[in-house]
Amino acid sequence: MDNNNTTLTITERIESLKIGCLAAIAFTLTYLITLLIQLNFLTEFNAMGWTQVSIAALSGFLFGVTYRYIVQNQENPHLKDGAVFAFGLVRGLVPLETTDGANEQIIALCFFLGESLLCFAVARWCLDIAFFYGWLKP
């Protein structure tokens, strides 16, 4: 960064891009595994499924870039956990607005919330490993 710390260098931007891509890959693979576990995956996966996978990849990418800046100057584990929970809750609770509150839907929402938290936790775990071994710089 330059002297006034307001402009990102090209190196910083490339590093953010690499981190975002790793998080997107980790998140998307975890999401695909959870889709495979669902019993109705093979009969219902269509164009809408690919849209959901694309949204999952974008969510993972945005998490990775944000997580980089969270851990860049802080080694506070509460911030790291908070990032996972914040992203997981936002993604996991969005469908709550579109339900009528039926018990079946509440159970499905709980699974979706758990799935979101799991995907973001795996993305964080992959980033932490990459940071620890020096493969990527926070």
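Of note:
- Rg/Rg_ref, region 10-132, where Rg_ref = 2.2 N^0.38 Å and atoms are Cα: 1.12
- Neighbour counts of other Cβ atoms within 10 Å put W50, W125 in the fewest-to-most order W50, W125.
- Here region 10-132 is treated with +1 on each Lys and Arg Cβ and -1 on each Asp and Glu Cβ, and its dipole about the Cα centre works out to around 360 debye.
- Cβ-derived FRET efficiency at R0 35 Å, F85 paired with T9, nearest 0.05: 0.65
Quick note: the coordinates plus some simple rules give every number you see, no bench work behind them. No experiment lies behind these values; they were computed from the predicted model shown. Reconstructed Cβ throughout: ideal geometry from the backbone, glycine too, with neighbour counts over all protein chains shown.
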